[in-house]
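Student: Shown below is the structure under consideration.
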Amino acid sequence: MMNNDELSKEKIGNLLLDVLKTFAKQDRKNRDYGVGEPLFHSEIYTLNEIREHRGIHITALAERCGVTKGAISQVLKKLEQKGLITKEKDIRNQSRLILQVTPQR
């Protein structure tokens, strides 16, 4: 039999799990953020990181976002197809691509 303290912890845990599930569900939906294309939360977050850190490259962006380079590359591919970012070779390191938000955004 659970005492009141254990019951409260279980209720709090269940509520927290419900909140996390709700956020995860919301993240899978795309929305219009006023850029002419519907975007997922991960895409808008990535765009903001690129905008805030001018000249960032893929590896640093992945580290900032807490995801793998493969995961960030998938998001970047979608953003590039939507015309929201550009990738340019870094003149100081030709094996690196510098990311930039397109001027009209």
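Laboratory data are not the source of any read-out in this text; all were calculated from the coordinates shown. Treat the numbers as computed from the prediction; the structure is a model and nothing was measured.
Student: In whole Å, what are the Cα extents of segment 52-102 along the three principal axes, biggest one first?
Tutor: 25, 24, 20
Student: Among the lysines, which have Cα under 28 Å from the Cα of K77 when same-chain residues fewer than 8 positions away are ignored?
Tutor: Straight-line reach from K77, under 28 Å: K21, K25, K29, K69, K87, K89.
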